[in-house]
Amino acid sequence: LQPYLYERIYLRLFIWATKATIQNADLVVSVSKSARDELKGYTGSDSIVIYNKTDLSRFNEQINGTIIRERYNLGDAPVVLNVGRVCPPKGADHLIRAFNLLKVSVPDAKLIIIGKPTYAYYMKKLEAMADDSVIFAGFVSDEELPYYYAACDVYATCSLWETFNIPIAEAQACGKPVVAFDVGPHSEIIDSNGVLVERESIEKFAEACIMKIKQARGDNNE
C-alpha cells in the first residue's frame with residue numbers, strides 16, 4: 001500500500017460508520033464548531049457543540065517537570081513537545097522539518113515526540129529525518145503526561161486534521177504556549193498566547209516556535 005492510502009481507507013470506513021450510527025441517534029454532539037461543520041458536510045446531519053474539558057486537577061501550572069528533564073538529561077535546554085498518534089495526518093514529518101530549521105537559531109533545543117507509531121514505514125522516515133536532538137518517547141501513561149507538558153517550553157503540532165486536539169488544551173492548562181497549523185478547530189481552542197501558522201508553512205512555523213521559546217525564557221531581543 002502506498003503512503004496515506006491506509007488513512008484514506010480508514011476515513012472512508014469511519015464516514016460510513018458515522019452515517020450509519022447517526023441515523024439511529026436521538027442527539028448528535030460535536031466537540032467543536034469545525035467538527036460540526038465537517039460532520040454536516042459528510043452526513044447532512046446537524047449537531048450541538050460541547051467542547052472537551054480538561055482535568056485541571058491533573059493539568060495545571062503548578063506541576064514540576066524536573067523529573068522529565070532529568071530522565072532525558074535535558075538540563076536547561078529549550079524543549080519543544082508534541083503529543084499524539086505518530087502518523088501522517090498528525091504531521092510529525094512537518095514538525096521535524098520545522099525543528100531542524102529552529103535549531104539553526106536555537107542549536108541546543110530538543111524535540112520530544114510522544115505517541116505510538118501507527119505505521120512502520122512512517123516511523124522509519126521520521127527517524128531518518130531526525131538526529132539525537134529528537135526524542136521519540138513512545139507511549140506515555142496518563143499519570144506521567146502532565147510532567148512532560150511541565151518540562152517543555154513550547155507545545156507544537158503540525159497536525160493537518162483534527163476535530164478538537166486535546167493535547168493543545170492540556171498544554172495550555174499547564175501554562176505552555178502553543179504553535180499549530182491553522183486547521184480545523186485550532187482557531188477555536190488556541191488561546192491568546194498561542195500562534196496559528198498557515199498550513200504547511202514550515203519556515204513560519206519554525207519562526208513562531210523560536211519566538212515562543214525566547215518569550216518563555218525572557219529573551220525577546222531579536
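The values are calculated or read from the model by the stated rules, or taken from the named source; none is laboratory data. The shown structure was predicted, so the numbers you read here are calculated from the model rather than taken from an experiment. Here Cβ is always computed from backbone atoms with ideal geometry, including for glycine, and neighbour counts include all displayed protein chains. Just the protein is used for accessible areas: all its heavy atoms, side chains included, with ligands, DNA and RNA removed. Shrake-Rupley method; radii C 1.70, N 1.55, O 1.52, S 1.80 Å.
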| 3J(HN,Hα) from dihedral phi, the stretch 56-70, Karplus parametrisation 6.51/-1.76/1.60, rounded to Hz, x for glycine, proline | 6, 6, 9, 10, 7, 7, 8, 6, 9, x, 4, 4, 6, 4, 6
| message | Using the crude model of +1 on Lys and Arg Cβ and -1 on Asp and Glu Cβ, and no other charge, please compute the dipole size for the stretch 65-132 relative to its Cα centre, in debye to 20. | response | 320
| request: Mind ranking 166, 22 by accessible surface for me, highest first, 1.4 Å probe? | output: 166, 22
| field | Spin-label pair residue 163/residue 118, simplified geometry with 7 Å Cα→Cβ offset, distance in nm | value | 1.4
| request: Determine the principal axes of the Cα atoms in the stretch 54-172, then give the extent along each, sorted from largest to smallest and rounded to whole angstroms. | output: 37, 33, 21
| How much net charge surrounds residue 13 when only the other residues with a Cβ under 15 Å from the Cβ of residue 13 are counted, with Lys and Arg +1 and Asp and Glu -1? | +2
| request: Pick out the long, greasy-scoring helices in the chain: whole DSSP H runs spanning 18 Å or more along their own axis by Cα, mean Kyte-Doolittle at least 0.0. | output: 5-22, 92-105, 202-216
| Which of 75, 14, 86, positive extreme of dipole for the stretch 1-94 (C-beta unit charges) | 14
| query | Accessible area, 1.4 Å probe, largest first: how do 211, 123 sort? | reply | 211, 123
| field | residue 26-residue 188 FRET efficiency (beta carbon distance; Förster radius 22 Å; 0.05 resolution) | value | 0.30
| request: Using DSSP to define loop residues, name the GluC sites (Glu not before Pro) in the stretch 134-166 whose beta-carbon has at most 15 other beta-carbon atoms within 10 Å. | output: 143, 144
| query | For the chain, what is the accessible area per residue in Å², given a 1.4 Å probe and the full set of protein chains? | reply | 53
| said: Quick check: at a probe of 1.4 Å, how many percent of the accessible area of the chain sits on carbon and sulfur atoms? | reply: 51
| trypsin sites (Lys or Arg not before Pro) within the stretch 1-105: DSSP coil, no more than 15 neighbouring Cβ in 10 Å | 53, 58, 85
| When only C-alpha pairs under 8 Å and at least 6 residues apart count, what is the relative contact order of the chain, in percent? | 21
| task | Could you tell me which of the pairs 116/176; 40/125; 40/124; 19/124; 176/204 are separated by over 31 angstrom between their Cα atoms in the structure shown? | result | 40/125; 40/124; 19/124
| said: Need the full-extension length gain, residue 50 to residue 62, defined as separation in residues times 0.36 nm minus the C-alpha distance. One decimal, nm. | reply: 1.6 nm
| query | Using alpha-carbon pairs under 8 Å, 6+ residues apart, how would you state the relative contact order of the stretch 36-117 in percent? | reply | 31
| query | Among the GluC sites (Glu not before Pro) within the stretch 16-116, which fall in a DSSP loop and have no more than 14 other Cβ atoms within 10 Å of their own Cβ? | reply | 61
